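J.: This is the structure I want to talk about, given as structure tokens.
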Amino acid sequence: MYDVTLVDTIRLTYPRLFQAAGDELRCIASGGELAAVRGFTTSDIVAIDITNPLQPVGLHCNVRPEAGTYTASFAPSVAGPRTIYVFAGGAIRQPSAVVPNVPSQLGRITGGAELVIITHADFAADLAPLVGLRAGQGWSVMVVDVQDIFDEYNYGHASPYSIRDFLAGAAAVWTTAPSHVLLAGDASFDPRNFMGFGYYDFVPTKLVDAVFMETASDDWFADLDGDGTAELAIGRLPVRTAAQTAAVVAKLVAREGVLQTNDVLLCAETATGGVDCEAASRALEALIPAPYTAHEIFESVLGVAGVRAELLARWQQGPRFVNHRGWSWVDFWWGYTLTGADAAALGNGASLPVVASVCDLNCCFHDLPVTGLGETLLLAPGGGAAAVWGCSDWVDPATLGPMNEEFVRQIFGEPGVTVGQAARAAKAALGSAAARRSWVLLGDPAMRP
């Protein structure tokens, strides 16, 4: 994909004037001696001795105008070299928010629930229709504020480890152990926003060393014993706002009230990575029983432009299932047969397919500069997809056939199976644990296809 290099600090040691830069200066002054810092734009100046950061000491400042600026003079009272931070009072930063902590008792839960929804407080209210839908279908559902998990399992600090610790404890102690987990909130490889794209790490993912690169793994949360195989079915709604949450929940709820079509779209490039993608797609047809109808959308028959036109036309009619084999990038399929712009504009309404994107990078949801195609399909306002199962890493096409076939067999051959169970079973057919961890389900794992 690409590399990102972030510089933490570069330390330069050199003599310099006591001259404020941007109305602040960190300097070394001698205790008991008068020091003066010039160049402030305001007379509201504060000096603090931060030699011991845990015990800062305020210093008395004498401020005088000087050549159109202001100069602050002070004398540290403790002998020896002292680290002094001098700054304009108006530069004191304010917290972005101050919210009360409502104590939780997650560690004392014994009853439990089959479906656990871990979300950010901003999105909890908008998840209510989905919670009600699943409860009405017989699921026991628990909504958990991710901050409560951080509070109880990691002293308030955000960490993917605390989420897995919570789930492991729930699986071990609850009388109704969780079988499905929905993470409702986006995640980011840059949780502290060093790159300036925004604070979008609402429900963290785990960055793991997959086959080809370090990437996002929600499967890591569900692998409770660390053996490389998930014990829980897990999915994610990569939402960033309450409005997005409400919209995608409305889509999922509406889908349950509409009779889905029996159309299955098999979209394939001629070949990639030495694999005949069309033959691999054709092999899936034996796993698709009546009354479902498989439609081959193959490059060798239609050409790239023809594949694009046929795919978009049939998608607008609302297929039940879409399977893609071929090369891809984060936000498009080979030959631009499907792009992010296409996905966002789809108008198939509540006839929403499950999408198996058996290719590279489409579920790289934690990538801030580029929005993954899986995210766009799930969040598309007028249609798109109900769930997208794909990879957050590059793939080895030669290894994907058995996994793809098992996913299709589960979807069409196992009565009552959920999308999350189908994904979990299919990943077991992939030999490499590192590869399994990079397969991501964007959608509600408790949804039935």
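J.: Given the options Ala446, Ala429, Ala434, name the one that is touching a His at 6+ places or on another chain (Cβ under 8 Å) and among the small types (Gly, Ala, Ser).
T.: Details: Ala429 fails: touching a His at 6+ places or on another chain (Cβ under 8 Å); Ala434 fails: touching a His at 6+ places or on another chain (Cβ under 8 Å).
Unique residue meeting the criteria: Ala446.
Yes/no matrix, rows are residues, columns are (1) in contact (Cβ under 8 Å) with a residue 12 or more places away in the chain; (2) surrounded by fewer than 18 Cβ atoms within 10 Å (Cβ to Cβ); (3) not hydrophobic (A, V, I, L, M, F, W, C):
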{"site": "Ala222", "(1), (2), (3)": "yes, no, no"}
{"site": "Val248", "(1), (2), (3)": "yes, no, no"}
{"site": "Gln260", "(1), (2), (3)": "yes, no, yes"}
{"site": "Glu296", "(1), (2), (3)": "yes, yes, yes"}
{"site": "Glu299", "(1), (2), (3)": "yes, no, yes"}
{"site": "Ala309", "(1), (2), (3)": "no, yes, no"}
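The rows are residues; the columns are (1) surrounded by fewer than 22 Cβ atoms within 10 Å (Cβ to Cβ); (2) touching a residue at least 40 places away in the same chain (Cβ under 8 Å).
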residue: Trp334; (1), (2): no, yes
residue: Gly340; (1), (2): yes, no
residue: Ala343; (1), (2): no, yes
residue: Ser351; (1), (2): yes, yes
residue: Val355; (1), (2): no, no
residue: His366; (1), (2): no, yes
residue: Pro369; (1), (2): yes, yes
residue: Gly382; (1), (2): yes, no
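J.: I've got another one for you. Looking at (1) in a helix (DSSP H, G or I); (2) free of Cβ contacts under 8 Å to residues at least 24 places away in the same chain; (3) not β-branched (Val, Ile, Thr), find the lone condition where Leu252 falls short.
T.: Of the numbered conditions (1) in a helix (DSSP H, G or I); (2) free of Cβ contacts under 8 Å to residues at least 24 places away in the same chain; (3) not β-branched (Val, Ile, Thr), the odd one out for Leu252 is (2).
J.: Out of the residues in segment 220-259 that are farther than 15 Å from Asp444 by Cβ and either in contact with a Cys (Cβ under 7 Å, 6 or more places away or on another chain) or polar (S, T, N, Q) (or both), which is modelled with the highest pLDDT?
T.: Among residues in segment 220-259 that are farther than 15 Å from Asp444 by Cβ and either in contact with a Cys (Cβ under 7 Å, 6 or more places away or on another chain) or polar (S, T, N, Q) (or both), the one modelled with the highest pLDDT is Thr241.
J.: Which numbered condition trips up Ser43, out of (1) in contact with a Lys or Arg (Cβ under 9 Å, 6 or more places away or on another chain); (2) more than 13 Å from Thr69 (Cβ to Cβ); (3) among the hydroxyl-bearing types (Ser, Thr, Tyr)?
T.: (2)
J.: Pick out the one residue from Leu25, Leu106 that is in contact (Cβ under 8 Å) with a residue 24 or more places away in the chain, aliphatic (A, V, I, L, M), within 30 Å of Thr175 (Cα to Cα) and surrounded by 11 or more Cβ atoms within 10 Å (Cβ to Cβ). It would help to see each step written out before you state the result.
T.: On the way: Leu25 fails: within 30 Å of Thr175 (Cα to Cα).
Answer to the check: Leu106.
J.: Filter the strands (runs of 3 or more DSSP E) completely within segment 155-218 down to those with at least 2 residues that are more than 14 Å from the chain's Cα centre (by Cα).
T.: Numbers: elements: 180-184, 206-209, 214-217.
Counting at least 2 such residues, we get 180-184.
J.: Look at Leu346 and say whether it is within 27 Å of Phe412 (Cα to Cα), of a type in the set (A, V, I, L, M) and out of contact with any Pro (no Cβ under 9 Å at 6 or more places or on another chain). Reasoning before the result, please.
T.: Working: within 27 Å of Phe412 (Cα to Cα): yes; of a type in the set (A, V, I, L, M): yes; out of contact with any Pro (no Cβ under 9 Å at 6 or more places or on another chain): yes.
Yes; evaluated as a whole, the condition is true for this residue.
J.: Exactly one condition in (1) part of a loop (DSSP other than H, G, I, E, B); (2) closer than 30 Å to Asp444 by Cβ; (3) in contact with a strand residue (DSSP E or B) (Cβ under 8 Å, 6 or more places away or on another chain) is not met by Val116; state its number.
T.: It fails just one condition, (1).
J.: Next question, about the same structure. Sort through Pro402, Pro415 and tell me the only one that's assigned to a loop (DSSP other than H, G, I, E, B), outside the structural domain of Val181 (by TED's automatic domain parsing) and at negative phi. Spell out the reasoning first.
T.: On the way: Pro402 fails: assigned to a loop (DSSP other than H, G, I, E, B).
One residue alone meets the criteria, Pro415.
J.: Being under 38 Å from the mean Cα position of the chain (by Cα) and either assigned to a loop (DSSP other than H, G, I, E, B) or at pLDDT 95 or above (or both) narrows it down to one residue among Val78, Val102; which is it?
T.: None of the other options fit; the residue is Val102.
J.: So which residues in segment 259-283 are among the small types (Gly, Ala, Ser) and either part of a strand (DSSP E or B) or in contact with a His (Cβ under 6 Å, 6 or more places away or on another chain) (or both), if there are any at all? Let's see the steps before the verdict.
T.: In the first step, residues of segment 259-283 are kept if they are among the small types (Gly, Ala, Ser); the result is 268, 271, 273-274, 279-281, 283.
Correct list: Ala268, Ala271.
J.: Sort through Val248, Val211 and tell me the only one that's in contact with a helix residue (DSSP H, G or I) (Cβ under 7 Å, 6 or more places away or on another chain) and assigned by TED's automatic domain parsing to the domain that holds Asp165.
T.: Numbers: Val248 fails: assigned by TED's automatic domain parsing to the domain that holds Asp165.
Within the list Val248, Val211, the selection yields Val211.
J.: Okay, moving on. Here's a check for you: in segment 418-439, which residue that is small (Gly, Ala, Ser) and in a helix (DSSP H, G or I) is surrounded by the fewest Cβ atoms within 10 Å (Cβ to Cβ)? Break it down stepwise before answering.
T.: First, pick out the residues of segment 418-439 that are small (Gly, Ala, Ser): 420, 422-423, 425-426, 428-429, 431-435, 438.
Pick out the ones that are also in a helix (DSSP H, G or I) and you get 420, 422-423, 425-426, 433-435.
Values: Gly420: 27, Ala422: 28, Ala423: 28, Ala425: 17, Ala426: 24, Ala433: 17, Ala434: 15, Ala435: 22.
The selected residue is Ala434.
J.: Being surrounded by fewer than 16 Cβ atoms within 10 Å (Cβ to Cβ) and over 30 Å from Val301 (Cβ atoms): is that true of Gly274 here? Give the steps one after another, and end with the answer.
T.: Values: surrounded by fewer than 16 Cβ atoms within 10 Å (Cβ to Cβ): yes; over 30 Å from Val301 (Cβ atoms): no.
Here the answer is no, as Gly274 does not meet what is asked.
J.: Testing Ser162 on (1) in contact with a Phe, Trp or Tyr (Cβ under 7 Å, 6 or more places away or on another chain); (2) surrounded by fewer than 16 Cβ atoms within 10 Å (Cβ to Cβ), one condition comes back false. Which one is that?
T.: Going through (1) in contact with a Phe, Trp or Tyr (Cβ under 7 Å, 6 or more places away or on another chain); (2) surrounded by fewer than 16 Cβ atoms within 10 Å (Cβ to Cβ) one by one, Ser162 breaks only (2).
J.: Could you check segment 173-219 and list, in sequence order, the residues that are modelled with pLDDT under 95 and either of a type in the set (Ser, Thr, Tyr) or surrounded by 23 or more Cβ atoms within 10 Å (Cβ to Cβ) (or both)?
T.: Within segment 173-219, Tyr199, Ala210 meet the criteria.
The values are calculated or read from the model by the stated rules, or taken from the named source; none is laboratory data. Bear in mind that the values here come from a model prediction, so they are computed numbers and not experimental data. A quick note on method: Cβ atoms are made from the backbone with ideal geometry, for glycine too, and the neighbour counts reach across all protein chains shown.
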